[in-house]
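Each value in this text was obtained by applying a stated rule to the coordinates, not by laboratory testing. Bear in mind the structure is a predicted one, so any value in this text is a computation, not a measurement. Every residue, glycine among them, receives a Cβ derived from its backbone with ideal geometry; neighbour counts consider all protein chains shown.
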Amino acid sequence: MKAILIITVLMFVHNMGSSQCEIRTNRVTVFKDATAFIEREGMCKVENNEILLDVPYQGGGSPNVNRYGQSDSYNNNHIILGSVQILCPGNEILSSRSINVEADEDIKTIQSIFDRNKGKEMSITRSGTKEVIKGKLFSVDNGSKSLVLQDGALWSFVKMDEIANFKFRDSPILQKKTTRKKLKLRLSSNADNQELNISYLQKGITWTPNYFIDIQDDNILKLSLKANIMNDIVDLNNADVNLAVGIPVFDYSLTADPLFSNQRVIDLVNSLNNPGASPNRLFANAITSQSATSYSGSGSGYANSSLDGQSTDDIFLYRLKNISLDKSERLNVDILDMESEYKDVYVVDLDSNNDKVSLSNSKKKSDNTEVWHALKFDNVTGEPLTTGTVIFKKNMLKENEVMPLSQGQLNFTPVDKPCIVKMSVSPNITVEQSDVEVSRVRNPDGNGYIVNVSSEIEINNLKNEKVKIMVTRMVKGMKIEGDSNNWKIVKSGRSLYDRNQSNLVEWNFDVEPNQKKNVKYSYQVLMW
């Protein structure tokens, strides 16, 4: 075991250009793409119509550069361009500017103290012994974490983890000069105690939702939602924390605000001219965002939530009170609980026809497609369920034994809408589908051909029980027709330069035990 280092030196504190404000973070709204809206407030002392305060973040002097040679500010916990708002109620802010202030900063690590005090006389006591080594600190090897002391012709080599305590016999250097960025506000008038409010968007706080589904008897499940909050940028002390559910758009999230960073002019210009893809859009339809489902159904249940949720036009907030979380700490917190009836349903997503529209007079049959056993239940929490990981567990009713079944993803589900969450792959149900070109004729406008395609879905239920099957497929075409009433177009859309419409088609039917079911449909597609 390494000995505890006892430092017997006097630490002097002398800060130049200290802040005139006592500011705390009172509210943070956290988005899942690691963006946070931070609201801080406090009281400031005004001298000569000016306030000097610490900037919330000291940006790095050298920006990260991606493989294309472009400035990549997203890897920094920067304050986002254009998001800063500073208010002094009852007073007018005439100007806000950042300045560099030289200050004495305490040396915070033992190794740094050794580095700064080479040539000083000192004495060291080895751990586990009473041996005292005296001499001048000749060198510090940070690789091997060792010191070399010289006492006349005597040289001593000491490992840092062998040191029980040490002291300097000369006055040690315990501070270093550093340049810190400060924010100077010029006000219209003086005030003994001036209220100040500052808010901004900053990268560096995120949260991930984790669901747990316990399957009970009689088709009852219990669902709980927990949140993991990761904080890398600010100390929170009894603050309000809002966890945001939605798909936010922060177009300038890759660019640091120049008032709070040390970036060069050219770096700012490059980041604005080459913004790249916004991170939240890269995460769309994933754990860091959510996608609404379009399923319908009914059920019953009850829910319990300790949250005071609130929704805006597009964003819902899970509200947490009195959260204390220091910078670099992590927190797991309960969000809500729910109990509900559920139904077993089997779902399969067939391959799109995008890769088949170029086939001419040929039959294309898909390989066996995975069929998922899913649970269907209503969201009766009174709050939307955001996209998150989910663990399935089964109550075995044997000495309260719980069996873990699988892990998957639960997609965004609005209030009072059904949720279908995939649990496991079922090997006892197979689904195949085929496309056959029936005919093609020249498009009347002379551009390309109108191709008529006949398609068939074959479902084989090898289970000894009747099952409910939901089949979906993205069909690209101009016209879709089916031979049953068990299908519908869930959603459709078309890109600007595509003459074919993309249609998400859904079929729902029951398949008897050890039986097959065939469903036929057709569509038209414009080909060049």
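Of interest is the spacing of the C-alpha centroids, which for segment 507-528 and segment 177-191 amounts to 70 Å. Packing here is the average count of other Cβ atoms within 10 Å per residue, and on that basis the peptides 441-452, 136-147, highest first, run 136-147, 441-452. Packing order of peptides 408-418, 252-262, 189-199, highest average first: 252-262, 408-418, 189-199 (average count of other Cβ atoms within 10 Å over each peptide's residues). Ordering G152, G135, M122 by the projection of their Cα atoms onto the charge dipole of segment 108-173, which places +1 on the Cβ of Lys and Arg and -1 on the Cβ of Asp and Glu, puts M122 at the extreme positive end. Compared with the direct C-alpha span, the chain from N193 to K321 gains 43.3 nm at full extension, assuming 0.36 nm per residue. Potential lengthening of the chain between V333 and D240 amounts to 32.1 nm, from the contour at 0.36 nm per residue minus the alpha-carbon distance.
Residue separation of F212 and V132 scaled by 0.36 nm, minus their Cα-Cα distance, works out to 22.9 nm of gained length. Using the Cβ-Cβ distance between V415 and K222 with R0 = 22 Å, the FRET efficiency computed as 1/(1 + (r/R0)^6) comes to roughly 0.75.
With both labels modelled 7 Å from their Cα along Cα-to-Cβ, the D106 to E47 distance reads 2.2 nm. Spin-label pair D161-N508: with each label point 7 Å from Cα along the Cα-Cβ axis, the two points sit 6.3 nm from one another. Measuring from centroid to centroid over Cα atoms, what is the spacing of segment 376-435 and segment 85-116 in Å? Taking the Cα centre of segment 85-116 as reference, the centre of segment 376-435 is 50 Å away. By other beta-carbon atoms within 10 Å, ranking W528, W372 with the fewest at the front produces W528, W372. Nearest 0.05, what FRET efficiency do E22 and I391 give at R0 = 41 Å with Cβ-Cβ as r? Taking R0 as 41 Å, the efficiency between E22 and I391 is 0.40. With the simple model of a label 7 Å out from the Cα in the direction of the Cβ, M403 to E39 spans 4.9 nm.
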